[in-house]
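Step one of this worksheet: look at the structure below.
Nothing in this text is a laboratory measurement; each read-out follows from the coordinates by a stated rule. Bear in mind that the values here come from a model prediction, so they are computed numbers and not experimental data. Here the Cβ is made from the backbone with ideal geometry for all residues, glycine too, and neighbour counts use every protein chain on show.
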Amino acid sequence: MELSQIKYFIIAAQTQNLTKAAQILNITQSALSKSIANLEDELGVMLFDRAGKKVALNESGRKFLGHAINSVSELDVAVSAVQIRDERPKLNLGLFHMSNRFMQCLKTFAQEHPGILISLDYPDVTTFNIDTNEYDMLLFPQNPKFRRYRAMQIYTDPYLLAVHKSHPLAELNAVEMSDLASHSFVFIKLGDNQYDLPYHLCTSLGAHVRDDIFTNSYEAQRWLISNNQGIGFIPKSSSEVYAQDGNITLLPVLEEGLSQEIMIGFKREKHISEVGKLFSQFVRDYFQM
């Protein structure tokens, strides 16, 4: 799920006219229609009732709109909070993993070094040919996808199970993998034939069934779970938005090894910038590495 898809959906929902929305966005109507169709395919639900060029939000669309507006607004605020316009030097960060723990580290660094412009990039998780020279630092979960990058572990991030509040599992204080054999999941797909750790663990234990849903977006996963379309695993460090969703209950999972190692990698010493060196040492001190 791309940010542009969310923004296109919001404009289309607000204007209720694809022609007018396309004009506002300065794109073709066919491009807008394709973007919305791709979003609906990814979510697995229709968001609009259509009548020619006019569109009207259906019940699913109305539910999704509020979350979409909040997500875009929160992202804009987050970017503004760490960026200082027209200031140098610049720190370029590539984030394949988001967590409150790392963002608190970054916030502290920004407060202590207000003259540094911090650029955050969220590369497509399905992209394999990342230009590492573009970034002073990469943050990512340990995964075969990233095995060619030299990095250090900064912390271990356990997974929680997210379920709808009316789901039978929501009555438990914690779950074991044996409790999950007959339930439908919403799994995270990292790329072609690449899935996150919980999928592989469930597969090895025979805990998932044929009607599982796959998405490459945690926001889509959260929305699906919030609408009782399945249950899913979420890293604890990224669970705050799930915890704030009144329809979702988060449960600890009593399974050894159900966690991901969060890695951080910097450019080699001879290539890293002075501000990159400064941030590298700050991260080491912050996480006591």
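What is the chain's relative contact order, in percent, from Cα pairs under 8 angstrom and six or more apart in sequence?
Relative CO of the chain lands at 21 percent.
Between Ser237, Ser217, Ser273, where does the largest GNM mean-square fluctuation fall for the chain, given springs only between Cα atoms within less than 10 Å?
Greatest mean-square fluctuation among the candidates belongs to Ser273.
If you filter region 219-289 for GluC sites (Glu not before Pro), then keep DSSP loop positions with at most 12 other Cβ within 10 Å, what is left?
Glu256, Glu269
Kirkwood hydrodynamic radius for the chain: how many Å is it when counted over pairs of different Cα atoms?
Value: 20.8 Å, from the Cα pair sum.
In µm²/s, what is D for region 160-281 at 10 °C and 1.306 mPa s, where D = kT/(6 pi eta Rh) by Stokes-Einstein and Rh is the Kirkwood radius from Cα pairs?
For the chosen part, D equals 100 µm²/s.
In which sequence would Met152, Met137 go, from the one with the fewest C-beta neighbours within 10 Å to the one with the most?
Least to most surrounded, the residues fall as Met152, Met137.
Based on Cβ point charges of +1 for Lys and Arg and -1 for Asp and Glu, what charge dipole magnitude is obtained for region 3-67 about its Cα centre, in debye rounded to the nearest 20?
Dipole about the Cα centre, nearest 20: 260 debye.
Using Cβ counts within 10 Å as a stand-in for footprinting exposure, how do Thr28, Thr249, Thr15 rank, fewest first?
Ordered from fewest to most neighbouring Cβ atoms within 10 Å, Thr28, Thr249, Thr15 come out as Thr28, Thr15, Thr249.
Based on DSSP loop calls and a cut-off of at most 16 other Cβ atoms within 10 Å, the longest stretch of the chain free of exposed chymotrypsin sites (Phe, Trp or Tyr not before Pro) is what?
150-286
Summing +1 for each Lys or Arg and -1 for each Asp or Glu, what net charge is found among the other residues whose Cβ lies under 12 Å from the Cβ of Val241?
Neighbour charge sum, excluding Val241 itself: -3.
Please identify the longest segment of the chain free of exposed trypsin sites (Lys or Arg not before Pro), where exposed means a DSSP state other than H, G, I, E or B and no more than 16 other Cβ atoms within 10 Å.
86-146
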